[in-house]
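Inspection log for the structure reproduced underneath, given as structure tokens.
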Amino acid sequence: MIDITVPEDLWDTEDEGVIFSWVYADGALVQQGRLVAELTVEKAQLELNAPASGRLTILAPAETVVRKGTVIGRIDPV
Amino acid sequence: MAQQAPSTGGSARTLTMARAGREAVIAEMRKDPNIFVIGEDVAKLGGVFGTTVGMAEEFGAHRVIDTPISETGFIGIATGAAMAGMRPIVEIAFVDFIGVCFNAIFNFAAKTHYMSGGQFKVPMTMMIGYGGGYNDAAQHSQCLIGTLAHVPGIRIVTPADAHDAKGLMHSCLRDDNLTIWMVHKAIWGLGWLGTAIKTAMATVPEEEYTIPFGKARIWREGTDVTLVGYGITVHHALQAAEKLAADGVSAEVLDLRTIVPMDREAIMKSVTKTGRVVVADEDYMNCGVTAEVLATIAERNPRVLKAPAVRVANPDIPVPFSRPMENFALPDADKIVAAAKATLKS
């Protein structure tokens, strides 16, 4: 099981962000390196790619407020 | 994004319109070195709406070109390049500023194919944002689609969801004359406008596909009244249809999808079935798209109507800045519900 964590270097400030959208549904199969979610921070749209291949579990749905370091989902290798 | 693998194990992707349109642009640029993107903030920033994010890195500064605030100049450049064999994509973030480009668009891009007896083509695609509803005032909230649609020689597509955004972008980029791909800002999928309207996000296939010009889309079937819209008004109409259903009214939602050419057969087919029609458009009402839809019915067979048609559009005023005033002026689901009920009274 690999966590999907909002990277510490995704943006420069300590501002909160929000999950704009998940590209895949909960339980979908995803591939490492592919876009899984979009975040919005201070009007900027940021991308989050899958840290591993496997089955996606969404822990923080769209519109959830997040910070750097927040675990927003996980991937279970299949 | 250039390194993405083709397969996701069969899982469907739900994309925003911005991302779906961008996917089509990247795919076509990889195949055809004659395609380039030009506009304000398209390279370093990746587009005011994120449409060209990552493209400068992948394709280089000679194919993704930042310009000064000089629409007159860069649309002229693009038109000339297209006549000389290139396939430019021009981004205008806000349609409101297209007026300064009218000579290049109306007299050169739209007419050269005709005036040269077919000797020259102008394979140029404009990528334009339009629309209000977010308190950006009268110079950043217009649609101006009726204005552009009035001039022959321009194909105008107005996708309402991510699936159509990608397919119509492929169609535009493969067309050999001027095409304009226009997306309402509120459905594009822009973080700074709040979270996306869910019905504008859609499952988007990995593979390339085109959508023909002039083919409307029925989003919801119904029997009592046809709600015609495009872009954002499709989503207002879908909400209206839900509310009408709760009152026992069966509304059909017809998305024009492409304004030029317009799918007049689809309009007649739906209105012949329902006998009642509401046309919703965020653009100005006077001499606009709503009028063209109703002229189609009047010319082809007005007897299909059981009641006078109703238009829901901007009542020919500059889009107000103030939130309550803007909400008063622009179409929404409740105004469409009221219009539909008015058609049902007679």
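The values are calculated or read from the model by the stated rules, or taken from the named source; none is laboratory data. Just so we're clear, the structure is a prediction, and the values are computed from it rather than from any experiment. Glycine gets a Cβ as well: all are built from the backbone with ideal geometry, and neighbour counts include every protein chain shown.
If you check residue B:6 against the conditions, is it outside any helix (DSSP H, G or I) and either basic (Lys, Arg) or modelled with pLDDT of 95 or more (or both)?
Working: outside any helix (DSSP H, G or I): yes; either basic (Lys, Arg) or modelled with pLDDT of 95 or more (or both): no.
Against the criterion (outside any helix (DSSP H, G or I) and either basic (Lys, Arg) or modelled with pLDDT of 95 or more (or both)), residue B:6 does not qualify.
Hey, does segment B:197-205 have a residue that's assigned to a helix (DSSP H, G or I) and under 16 Å from the mean Cα position of the chain (by Cα)? Break it down into steps so the answer makes sense when it comes.
Step one: list which residues in segment B:197-205 are assigned to a helix (DSSP H, G or I), which gives B:198-200.
Still in the running and under 16 Å from the mean Cα position of the chain (by Cα): B:199-200.
Within segment B:197-205, one or more residues are assigned to a helix (DSSP H, G or I) and under 16 Å from the mean Cα position of the chain (by Cα).
Taking the condition of being over 19 Å from residue B:240 (Cα atoms), basic (Lys, Arg) and at pLDDT below 95, how many residues in segment B:302-346 meet it?
1
Condition first: more than 25 Å from residue B:155 (Cα to Cα) and more than 14 Å from every other protein chain (Cβ to nearest Cβ). Now tell me which residues in segment B:187-225 satisfy that.
Selection gives B:220, B:221, B:222, B:223, B:224, B:225.
Sort out which residues of segment B:155-195 are part of a loop (DSSP other than H, G, I, E, B), more than 17 Å from residue B:48 (Cβ to Cβ), hydrophobic (A, V, I, L, M, F, W, C) and more than 13 Å from the chain's Cα centre (by Cα), and write them in order of number. It would help to see each step written out before you state the result.
Residues of segment B:155-195 part of a loop (DSSP other than H, G, I, E, B): B:158-161, B:175-178, B:189-190, B:194-195.
Cutting the leftovers down to more than 17 Å from residue B:48 (Cβ to Cβ) gives us B:158-161, B:175-178, B:195.
Filter once more, so that each one left must be hydrophobic (A, V, I, L, M, F, W, C): B:160, B:178.
Selection gives B:178 alone.
For every residue, the table says whether it meets (1) part of a helix (DSSP H, G or I); (2) within 14 Å of chain A (Cβ to nearest Cβ); (3) more than 21 Å from residue B:95 (Cβ to Cβ).
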| position | (1), (2), (3) |
| --- | --- |
| B:29 | yes, no, yes |
| B:36 | no, no, yes |
| B:41 | no, yes, no |
| B:49 | no, yes, no |
| B:56 | yes, no, yes |
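Applying the selection to segment B:273-290, what residues are within 17 Å of residue B:216 (Cβ to Cβ), out of contact with any Lys or Arg (no Cβ under 7 Å at 6 or more places or on another chain) and not polar (S, T, N, Q)? Full working, then the answer.
Narrowing segment B:273-290 to residues within 17 Å of residue B:216 (Cβ to Cβ): B:273-274, B:277-281, B:289-290.
After this cut, where a residue has to be out of contact with any Lys or Arg (no Cβ under 7 Å at 6 or more places or on another chain) as well, the list is B:273-274, B:277-278, B:280-281, B:289.
B:273, B:277, B:278, B:280, B:281, B:289, listed by residue number.
Return the total of residues in segment A:1-21 being assigned to a strand (DSSP E or B) and either surrounded by 21 or more Cβ atoms within 10 Å (Cβ to Cβ) or facing chain B (nearest Cβ under 7 Å) (or both).
Quick first cut of segment A:1-21, residues assigned to a strand (DSSP E or B) only: A:2-5, A:17-21.
Subset that is either surrounded by 21 or more Cβ atoms within 10 Å (Cβ to Cβ) or facing chain B (nearest Cβ under 7 Å) (or both): A:4, A:17, A:19-21.
Residues meeting the conditions: 5.
Only one of B:64, B:100, B:48 is touching a residue at least 40 places away in the same chain (Cβ under 8 Å) and either in contact with an Asp or Glu (Cβ under 9 Å, 6 or more places away or on another chain) or not small (Gly, Ala, Ser) (or both); which? Let's see the steps before the verdict.
Working: B:64 fails: touching a residue at least 40 places away in the same chain (Cβ under 8 Å); B:100 fails: touching a residue at least 40 places away in the same chain (Cβ under 8 Å).
Going through B:64, B:100, B:48 in turn, just one is touching a residue at least 40 places away in the same chain (Cβ under 8 Å) and either in contact with an Asp or Glu (Cβ under 9 Å, 6 or more places away or on another chain) or not small (Gly, Ala, Ser) (or both): B:48.
Residues that are more than 14 Å from chain A (Cβ to nearest Cβ) and β-branched (Val, Ile, Thr): does segment B:12-27 have at least one?
yes
Out of the strands (runs of 3 or more DSSP E) lying entirely within segment B:61-141, which hold 1 or more residues that are closer than 30 Å to residue B:324 by Cα, aromatic (Phe, Trp, Tyr) and touching a helix residue (DSSP H, G or I) at 6+ places or on another chain (Cβ under 7 Å)?
B:125-130
The rows are residues; the columns are (1) at pLDDT below 95; (2) under 24 Å from residue A:44 (Cβ atoms).
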{"residue": "B:158", "(1), (2)": "no, no"}
{"residue": "B:169", "(1), (2)": "no, yes"}
{"residue": "B:183", "(1), (2)": "no, yes"}
{"residue": "B:189", "(1), (2)": "yes, yes"}
{"residue": "B:194", "(1), (2)": "yes, yes"}
{"residue": "B:197", "(1), (2)": "yes, yes"}
{"residue": "B:200", "(1), (2)": "yes, yes"}
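If you check B:89, B:154, which single one turns out to be surrounded by 17 or more Cβ atoms within 10 Å (Cβ to Cβ) and under 30 Å from residue B:14 (Cα atoms)?
Details: B:154 fails: under 30 Å from residue B:14 (Cα atoms).
Exactly one residue qualifies, and that residue is B:89.
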